[in-house]
Structures are given as structure tokens and as C-alpha cells.
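The values are calculated or read from the model by the stated rules, or taken from the named source; none is laboratory data. Note that the structure is a prediction, hence the values are computed from the model and not measured. Cβ coordinates were reconstructed from backbone atoms using ideal geometry, including for glycine residues, and neighbour counts include every protein chain displayed. Accessible surface areas use protein heavy atoms only, side chains included; no ligands, DNA or RNA. Shrake-Rupley method; radii C 1.70, N 1.55, O 1.52, S 1.80 Å.
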Amino acid sequence: MPGWYYDKKELRNTPSATAGLDFKTEMRYRKEGARFIIDTGMKMDLGYNTTATGVVYFHRFYMFHSFQQFPRYVTACCCLFLAGKVEETPKKCKDIIKIARTLLPDHKFTTFGCDPKEEVMTLERILLQTIKFDLQVEHPYQFLLKYAKCLKGDKAKLQKMVQMAWTFVNDSLCTTLCLQWEPEIIAVALMYLAGKLSKFEVMDWVGRSAKHLRWWDMFVEDVTMDLLEDICHQVLDLYSQPAAAKSPPESPPLSGEKAPISPKNAANGNERTQISPEQPPVPALPRLPPPADVPQFPYQTFTHAPPPLASYAPVSFPAPPVNTPPPAPPHIAGPPPNVFPPYVNHPPPFPAVGPPPPYFGNGLPPSQSQHPHRQYFQPS
Amino acid sequence: MQSKHHSSHHSSITMSMRDKEKYIETFSFPYCEEATKYQTVAKIGQGTFGEVFKARDINNPKKFVAMKKVLMDNEKEGFPITALREIRILQLLKHDNVVNLIEICRTKASLHNRYRSTFYLVFDFCEHDLAGLLSNVNVKFSLGEIKKVMQQLLNGLYYIHFNKILHRDMKAANVLITKGGILKLADFGLARAFSTSKTGVPNRFTNRVVTLWYRPPELLLGDRNYGPPVDLWGAGCIMAEMWTRSPIMQGNSEQQQLTLISQLCGSINPTSWPGVEKLDMYNNMELPQEQKRKVKERLRPYMKDPWAVDLLDKLLTLDPSKRLDADGALNHDFFWTDPMPVDLSKMLATHTQSMFEFLAPARRATQVNRHHSMPRPSASSVQDGGYQDRVF
């Protein structure tokens, strides 16, 4: 069975690279596409799961096709359109395109051609074949919540850490991490990062045993510190990328200042500065403003602003191992209904089978005048 | 150096329409094989969203598959959400008593199809469906064989419910049986995931599911917060059919279906079913009162076996909260008393003809739209000529 994980060499050897696109530009295109999916999803009130699924489809698509062949914003719309249906939060194709038009400058929207809907529809079939109908995608969010439930310590600090980690997960969508590591590992790494930056050191956890050196040893195996640091740096590099002056015009300006550590090559860093609270890579992080001063950001990203902890009413953090509601981390839409998603990832929020949802309507009412297909059972 | 690829150059770096068409036509999708690897043998049915064909694997001529075409002609919103749902659910469910999805195939995109591939869901082929078997008088099930059928059916239901999936279209035609005697639940075109609402927020599922004759009373009364018991009602209807050989309650309308249910299972009221008065349609439907429950009395002439009658009685329970679940049913003495469940392969070996409800000649004449069912796209195209002969 083909997997969806690639090593760094493969990530540099993509169809886009083969067709002559340099690595930095490809990474920027990926980031812009992901960002666009997130922004469009947010505008349409799609949940974080749908958005993240769309972004993962997007990254996978470009492991088989090049950005030169398929313009990224059309692909992005298509991925969000498909993710909406898969995650049971369908949006009409034309509505997605409508939002895309408002988010994109005219010269970028021209890639949608003269019949944008047709363009997206044709691409959908290519997308489905490319991702081998692997529709079900898991994201770090659910693991983040699961792991957080097991950690002991100061509840306020823990909550702050989880919120920060959640935001890192949001931002990680703009990297190719979902093509490199399982969501469990990304969740561990970004919790580790958030723990460092918020100075929350996990000393004890539920289910601790002698053979567990670190809390994540309970959940993932063979995860080295080098690996965690590498994942963290791939996210941190987002914030230290050249700001508006250096970045090409079509790239959205980043408000993040240049970080004290020199950014290494995102996907190939080996010599890394150790992440430590004393040398924060993102200056804003350690000095989070007092909650009341922070504006509300519906979708948190550290590339735009520090995490708005203010929007969170202090919820009592679940005392492990009791089954209390999950902590309320920052997220795109509402918090997940259950800590652990049901077997099929997200419970579909609206009744969609049977009579098709209004805008998928094409069925006829069931005929009531049919004859029985077998003789009646005549009860005695 | 990045400026090379600026948007102003987009037209030059992205493909022209013709280049793109050529590209799509020649791109070999590594994860989605071409449908030409299979050779169609016969049309064997009509699924929720498309026709079903029997086909032969060209590279392995002894291997047969069922190919379900994904109909997209009338779709305004691209690949149908129902098909996506079925694919996702089938990828999740891997069990002996659930039909196995092998892969999804495509036709080559070309000018011929406006560069739009057609997709097929490819399943392991099953020789029979239960409706087809039951409609053939030459097929006789012994009590032990009936037990085997029901045990496998309930095993399948136990598994899918354990995985939080509702089938929502239980009926004899959706129960497949291989020539080796293995039962497979099929057609997950109406299936969906469910979660028991721990949050206290009731589900708002559509109640317009399940073929009318197999539809449980809670759905007929407008319940939208239903669960696994809807499938167990269908299992009860199918169980009775194992002896009666035809569906036991063949209503022509939802009202008539409720009347038939009341006449068999007793009056529907807050005494027999506490809380029923809260269902949306409770006051809109005519519910015959003073009806005695006659499940055992009316089925005993057919079923004889007292354990069978008792199990059926517990499956056809009006109140879904009191209806036996799959686990409870599997533990019923019916399955643990002599004669014990018996393998079906021996009996099936005496029948060399594939039996599908779709192909059964007796019904073809009278029945164009064979079943009361959910709206099925292009259901009217069922009987186009050429494939009406039995397979083999």
C-alpha cells in the first residue's frame, strides 16, 4: 500500500521541482495554498477538521502534479470543496468560488479560467484519482486533546500550553509536515514546543510507568529529541521567513519579526539551535499580553498575531483521568463535541443521506404506487 | 530569483487547455487503476447511485468482481457525497460479513468523455443475494441453515454498529451470499456514521431512509435521533422472510406500513412504547388502537421453532429502546440450541445458477421499480435490454 509520508529528499524532488520550480518557491506556493484554504474555510464557517483535510489533500496533490501544471488557487478550492463533502460539511462549489473571488486579486483569479466552476469540477476527478480515494485524514488536533488530558500540573499553565500548541498545529498546515510525519508525532512535537515556550514543564502524567522517560513515550515510540526539534523548527521557520520587503509581491505579508535564531532551510535543517525559553525563537511568544488586551482572532495563527488567549473563558481543565469535557483550545470553529472523535472522524452535523440536502437535490420522491415484488404474505 | 514565477507570468507557466487535456489523458495515476483491467460480464443490479456489473479480472480470469458505477451525470456538485460516504465507510469496515471493497477504478479521461473519468467501486463478487435465493422455490433452507444466515447477518450488524455505522437500508436484496455460504452486508449507499449524543444534543438524522417494507416504526413516526435499532428491525423483517419467503409487511404508503405494523406488533401508544407521543408524526398518523400483539401467533405457522419465534418477537419490538441489539440477538438461545447453525455451502452447491433479485424472472414482468426505496437516480433505466438473462 502506498503511504503518504515522504523523506526530505523526496520533498525536494517533486513534480514542480522536476519542472523547474525552485524549492523556496514551491514551499511558498504550498504555504499560500494552505493559507488560502484556511481563509476560505474560515469565511465559510467550515470547521478546523474540514479545513485541515482540504490542506492535506492539497499537499498530497502536489506530490504528483506540479504547480506549473495546476494553478494553486484552483487546486485549493477543489481540495476544500471535496473536504467539505468528505467531512459532512458540504459547501456549494459556486459559493466556494465566490469567496475565492473576494479573497484573491483579479490577476490571480484569472487562473480559474472563463468557467471557474467547470474548472474545479474537472479537477475534482483528477484530485480523487491522485489521492487514491484516501478520503479519511486524521489531524494532530484530536491527539493534542487526547494527550493533554493525561498531563498533570498547573491547570492554567497547561491550558495555556494546549492553546499555544493548537495554534502551532494550525500553522503547521502551511508546512509540509503532514507529508512527513503522522499526526500523533506532530501533536507531540508541537506540544513540546508550546511547553517550552510557555514554560510548562510536564513533570507527571497519568499512566506514567518506569519505562516512560517522557510523557509522550506513552503514545509514540522511537521519537528522538532531534526529530522533535526538527518538526518544531519547520513550524518556527514560518514565523522567521522574510517579511514583506523580501518576500515576493504575491505572498501575503507576514507580521512576524525576524527571529533571533537564524532560519535554517525548512525542510533540511540538521544543525539546530536548541529551543529554549531563554532564547525564544518567536519574540512575541514568551511575553503574551494580558488577556484583556488581546484582540480576538477567529482562527489563530502566530504568523499574524500572538495567540489570543483572551477569547477563552477559563475552563476547568479536566483532572486526569476523569472524563470531563476537553479543554477549550483555540480553534477555527467550535470545539469538538467529544474529546475523542467517533470512529469515523467527525460525526456528520447534518442529516445528509436519503433526501439529498437541498442543494444536492436531484432525486425523485419514492414512488408510492409500486406493486409488491413478491406475493403478499397472507397471515393466517 | 523567485520572481521568475510571479503571477504576471501565470499564463506562461500554467498549461494551456489543450496541454492540460493531453496531460490528463496521458497521466498514469499510480493509485487508481483503469477499469479496463476488468471485463464486464453482465449487469446484475442497480445500486443507490449507479448500475452494478459482474466483471472478470483480465489478469486473473478466475476472479470475478462486482463493479458499481458511480453515476455523476446529474450531479451539480461533482462527485456525489453519497458515494464519498459509501467509500469512506467501506474503507473503514473490514469484516467477513461486510462486502469487501477492493479498489476504485476509473475510465481514461479523453475527448470522448469530455476529459471526465467515470468511476467504479470494485467489490469481491458474491454469487447470490438473499432476495434472489428466497424467490427461488427450489432453494430450501433447513433450520440450521437459516440460523447460519441470521447469525452471520447479526455478526455483520454487530460489527458495523460497534464501529458506529448505521446501515439504514436493511433488506433481503442487500444481503449477499457467496457460493461458499458467507453472508455479506452490502450497499452502504445510505449508511452513515452515528454518535450517541452524550452531549445531550439529539441527532437530526433524516428519517427518510430504509425501504418502506423494512422501515421501523420510529422512522415512520418521524424520529430523527435514531440509532442501531433501525437495522435490527430490518433484521427481524428479514428473519421472518426466511420462512415466509416474502416480505411480511408490504405497505404502499407510510400510513399503511404503520397500520400493518400495528396489526402485527400491537397498537402503538405510550403504554406499549413510552415516549412515542413525543415523535414528530405521532399525531399526524392514524395509529389503530386496541390491536393485540400477534407476532408469535401469526408467524408460528411458518416458523414452528419456538426459539425462532421468540427471537423474532424480540427483534420486532415497537419501542426501539427495548428492541434486542445485535449482541443480545447473537446470545439468544435460537443460535445455541439444536439444530446448531449449519454451513450453507453444501446447500448452495446444488444450485449452479447465480440468484439475484435483480435477475429473477418472475418479478421482472410486474416490477419495474422493484422496491419501495429511497429516490434512486435513474431507477427507471433498470431494465434496459441485453443483461436480463441469468448469469452462468
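Take segment A:47-64 and flag every residue that is outside any helix (DSSP H, G or I) and either open to solvent by 10 Å² or more (accessible area, probe 1.4 Å) or modelled with pLDDT under 95 (or both).
A:G47, A:M63, A:F64
I'd like to know if segment B:133-142 contains one or more residues that are touching an Asp or Glu at 6+ places or on another chain (Cβ under 8 Å), on the phi < 0 side of the Ramachandran plot and among the small types (G, A, S).
yes
I'm checking my understanding of the structure. Among residues of segment B:161-193 that are over 17 Å from the mean Cα position of the chain (by Cα) and outside any helix (DSSP H, G or I), which one is farthest from the other protein chains (Cβ to nearest Cβ)?
So, considering only residues that are over 17 Å from the mean Cα position of the chain (by Cα) and outside any helix (DSSP H, G or I), the one farthest from the other protein chains (Cβ to nearest Cβ) is B:G180.
Could you figure out which of (1) over 25 Å from B:E51 (Cα atoms); (2) within 13 Å of chain A (Cβ to nearest Cβ); (3) without any contact (Cβ under 8 Å) to a residue 60 or more places away in the chain isn't true of B:R215?
Result: B:R215 passes all but (1).
Among the listed residues B:E33, B:E77, which satisfies the condition of being touching a residue at least 40 places away in the same chain (Cβ under 8 Å), facing chain A (nearest Cβ under 10 Å), acidic (D, E) and crowded, with 16+ Cβ neighbours inside 10 Å?
B:E33
Looking at segment B:107-138, which of its residues are hydroxyl-bearing (S, T, Y) and assigned to a strand (DSSP E or B)?
B:Y120
Taking the stated definitions as given, is B:V41 more than 14 Å from every other protein chain (Cβ to nearest Cβ) and crowded, with 21+ Cβ neighbours inside 10 Å?
So B:V41 does not fit the description; no.
Condition first: farther than 17 Å from B:G275 by Cα and assigned to a loop (DSSP other than H, G, I, E, B). Now tell me which residues in segment B:202-234 satisfy that.
Hits for segment B:202-234 are B:R204, B:F205, B:T206, B:N207, B:R208, B:V209, B:V210, B:T211, B:R215, B:P228.
Which of the following residues is buried (at least 17 other Cβ atoms within 10 Å of the Cβ), among the acidic types (D, E) and not assigned by the TED database to the domain that holds B:R106: B:E21, B:E51?
Of the residues listed, the single one that is buried (at least 17 other Cβ atoms within 10 Å of the Cβ), among the acidic types (D, E) and not assigned by the TED database to the domain that holds B:R106 is B:E21.
Among the residues that make up segment A:77-86, is at least one of them touching a residue at least 24 places away in the same chain (Cβ under 8 Å) and part of a loop (DSSP other than H, G, I, E, B)?
No, segment A:77-86 contains no residue that is touching a residue at least 24 places away in the same chain (Cβ under 8 Å) and part of a loop (DSSP other than H, G, I, E, B).
In contact with a helix residue (DSSP H, G or I) (Cβ under 9 Å, 6 or more places away or on another chain), aliphatic (A, V, I, L, M) and open to solvent by less than 10 Å² (accessible area, probe 1.4 Å): which single residue out of A:L227, A:L193 fits that description?
Going through A:L227, A:L193 in turn, the sole match is A:L193.
For segment A:193-234, how many residues are acidic (D, E), over 21 Å from A:K155 (Cβ atoms) and in a loop (DSSP other than H, G, I, E, B)?
So the count comes out to 2.
Collect the residues in segment B:54-74 that are surrounded by fewer than 19 Cβ atoms within 10 Å (Cβ to Cβ) and facing another protein chain (nearest Cβ under 10 Å), keeping them in residue-number order.
Answer for segment B:54-74, where residues must be surrounded by fewer than 19 Cβ atoms within 10 Å (Cβ to Cβ) and facing another protein chain (nearest Cβ under 10 Å): B:D73, B:N74.
Scan segment A:95-106 and tell me whether some residue there is within 11 Å of another protein chain (Cβ to nearest Cβ), modelled with pLDDT of 95 or more and open to solvent by 10 Å² or more (accessible area, probe 1.4 Å).
Yes, segment A:95-106 contains a residue that is within 11 Å of another protein chain (Cβ to nearest Cβ), modelled with pLDDT of 95 or more and open to solvent by 10 Å² or more (accessible area, probe 1.4 Å).
Could you please find all residues in segment B:218-247 being free of Cβ contacts under 8 Å to residues at least 40 places away in the same chain and crowded, with 23+ Cβ neighbours inside 10 Å?
Matches in segment B:218-247: B:L219 only.
Does segment A:10-36 hold any residues that are outside any helix (DSSP H, G or I) and either in contact with an Asp or Glu (Cβ under 7 Å, 6 or more places away or on another chain) or within 13 Å of chain B (Cβ to nearest Cβ) (or both), and which are they?
A:T14, A:A19, A:G20, A:L21, A:D22
The rows are residues; the columns are (1) in contact (Cβ under 8 Å) with a residue 40 or more places away in the chain; (2) in contact with a helix residue (DSSP H, G or I) (Cβ under 8 Å, 6 or more places away or on another chain); (3) within 26 Å of B:E241 (Cα to Cα).
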site: B:P274; (1), (2), (3): yes, no, no
site: B:E286; (1), (2), (3): no, yes, no
site: B:E290; (1), (2), (3): no, no, no
site: B:K294; (1), (2), (3): no, yes, yes
site: B:D305; (1), (2), (3): yes, yes, yes
site: B:D310; (1), (2), (3): no, yes, yes
site: B:D313; (1), (2), (3): no, yes, yes
site: B:L318; (1), (2), (3): yes, yes, yes
site: B:D325; (1), (2), (3): yes, yes, yes
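Filter segment B:80-110 for residues that are at pLDDT below 95, touching a helix residue (DSSP H, G or I) at 6+ places or on another chain (Cβ under 9 Å) and farther than 15 Å from B:F188 by Cβ and give the result.
B:C105, B:R106, B:T107, B:K108, B:A109, B:S110 - these are the residues of segment B:80-110 that are at pLDDT below 95, touching a helix residue (DSSP H, G or I) at 6+ places or on another chain (Cβ under 9 Å) and farther than 15 Å from B:F188 by Cβ.
Do you know which residues across segment A:71-94 are within 7 Å of chain B (Cβ to nearest Cβ) and touching a Leu at 6+ places or on another chain (Cβ under 7 Å)?
Across segment A:71-94, the qualifying residues are A:K85, A:V86.
Consider A:D39 carefully, then state whether it is surrounded by fewer than 22 Cβ atoms within 10 Å (Cβ to Cβ), within 16 Å of the chain's Cα centre (by Cα) and in a loop (DSSP other than H, G, I, E, B).
no
Taking B:Y158 as meeting all but one of (1) open to solvent by 30 Å² or more (accessible area, probe 1.4 Å); (2) outside any helix (DSSP H, G or I); (3) not polar (S, T, N, Q), write down the number of the exception.
With (1) open to solvent by 30 Å² or more (accessible area, probe 1.4 Å); (2) outside any helix (DSSP H, G or I); (3) not polar (S, T, N, Q) applied to B:Y158, the lone miss is (2).
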